[in-house]
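Below is one structure, written out as structure tokens; comments come after it.
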Amino acid sequence: MWSSADVVVRVRDVQNRPPEFRGSRTGVIREDAAIGTEVMTVHAVDGDVGQPRDVVYSLVENPHDFFLVESSSGVLSTARPLDREALSSGDGVVRLMVKATEVNDDGTLAKDEESSTTTMITVTIRDVNDEAPKFNKREYRTSVPENVADGTPLALLDILVQDTDVGSNAVFGLSLLDASGKFSVEPEVAAGSSSVSLRVAKGPLDFENPNEQKFILLVVATETLTEEKLSSTATVVDAYTASISETAVPGSVVGTITARDRDQGVLGTSGIVYSLSGNGADKFTVHPESGVITVADCATPGAGDCLDYETRDTYFLSLQVCPW
Ligand SMILES: [Ca+2]
Ligand SMILES: [Ca+2]
Ligand SMILES: [Ca+2]
Ligand SMILES: [Ca+2]
């Protein structure tokens, strides 16, 4: 005689699977995001689906400590001001290692290897125009024979100007205002990194003329920032070079800089205020409204604390142009 019985075997879930990350692992954030700006939310669930445990998050790798993750919610936000140009990668991508750890019933963190997992999160920092073009040196010196042909570049200057932003944020203009009218600069516009040459444009130079034995060249490198940036920092930079004799009396005009709004494509001065800064800026004066740069008041032109070729023959200054 046969009898039968149904046997039900229940498999009880035990804790032997680590958490698994779900959802997006990429985020995008603007370089000028305020501290505390939310970037994305990371999410992981216990691989043991029967009685899943809670999961908490932490950052294992966090280059430059740009970000922090909220332990229980997984919200990733900015911990400090970002700087895209500080990244070694150059592509604006920050790679973060996020760890998800299961929580024991008593609230402590599970320590065993089967209770945690890590994943790579990539956050792309979108460039904003926050870097000004910079010269590779503060001073350049050279000499030139008086009989050089027009178009001859001044030798051994090795002027390099670099703006480390990306794309249009790295575009800067180079222009030359030259009281002597003897020199020219190229290129007029550059982006990223560019070598800059000064040429003798209208020779000959006349060594017997005391005003042409020495030229003090005033170089100002600046950049026109985008309209978007103008509304927040109102800084415009244009590139500029001028020369002036060391014995020029105070008030002598070095040159005039006119700010150009790159977005509008127009030269405009209405409501714009100019100021000069940088090492040696005290030797010059810029008219706040007209942009005319002149030699500052000084008792002994060509000597002492005044412009003095033997002391210093080149100045690199920043011109701030603030539209109000
Ligand atoms: Ca588990
Ligand atoms: Ca930056
Ligand atoms: Ca820039
Ligand atoms: Ca930037």
Could you give the accessible area per residue of segment 1-97, probe 1.4 Å, as a whole number in Å²? 65 Å²
Please list, in chain and number order, the residues 5+ apart from Val94 or on another chain whose amide H is under 5 Å from its amide H, with Hs placed from the backbone. Val123, Thr124, Ile125
Of all accessible heavy-atom area on segment 1-114, the percent that carbon and sulfur account for (1.4 Å): 50 percent
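Once fully extended, how much extra length lies between Asp91 and Arg312, figured as 0.36 nm per residue of separation less the alpha-carbon to alpha-carbon distance?
Stretched out fully, the Asp91 to Arg312 stretch lengthens by 75.6 nm.
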With x for Gly and Pro, the residue-by-residue ³J(HN,Hα) of segment 37-47, computed from phi through the Karplus equation 6.51 cos²θ - 1.76 cosθ + 1.60 at θ = phi - 60° and given in whole Hz, is 5, 6, 9, 5, 10, 8, 9, 9, 10, 4, x
Quick one: which residues, 5+ away or cross-chain, put their amide H under 5 Å from the amide H of Lys137? H built at 1.01 Å from N. Leu160
If I ignore ligands, DNA and RNA and count only protein heavy atoms, how much of Lys283 is accessible to a 1.4 Å probe, in Å² to the nearest 10? 50 Å²
Can you give me the long-range amide H partners of Ala296? Hydrogens built in the peptide plane at 1.01 Å from N, cutoff under 5 Å, separation of 5 or more residues or another chain. Gly251, Phe284, Thr285
For Arg22, what accessible area in Å² do you get when you roll a 1.4 Å probe over the heavy atoms of the protein chains, rounding to the nearest 10? 120 Å²
Give the ranking of Phe207, Phe66 by solvent-accessible surface, highest area first, calculated with a 1.4 Å probe. Phe207, Phe66
Working with all protein chains in place, sort Lys214, Lys134, Lys202 by solvent-accessible area computed with a 1.4 Å probe, largest first. Lys202, Lys134, Lys214
Taking θ = phi - 60°, what integer Hz values does the Karplus form 6.51 cos²θ - 1.76 cosθ + 1.60 yield along segment 51-66, in sequence order, with x for Gly and Pro? 10, x, 9, 5, 10, 10, 10, 8, 9, 8, 10, 8, x, 6, 6, 5
Going residue by residue through segment 25-34, the Karplus relation 6.51 cos²θ - 1.76 cosθ + 1.60 with θ = phi - 60° gives ³J(HN,Hα) values, rounded to whole Hz and with x marking Gly or Pro, of 10, 10, x, 9, 8, 6, 4, 9, 4, 5
Solvent exposure ordering (accessible area, 1.4 Å, most first) of Arg312, Arg12: Arg12, Arg312
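The values are calculated or read from the model by the stated rules, or taken from the named source; none is laboratory data. Note that the structure is a prediction, hence the values are computed from the model and not measured. Heavy atoms of the whole protein, side chains included, go into the accessibility calculation; ligands, DNA and RNA do not. Shrake-Rupley method; radii C 1.70, N 1.55, O 1.52, S 1.80 Å.
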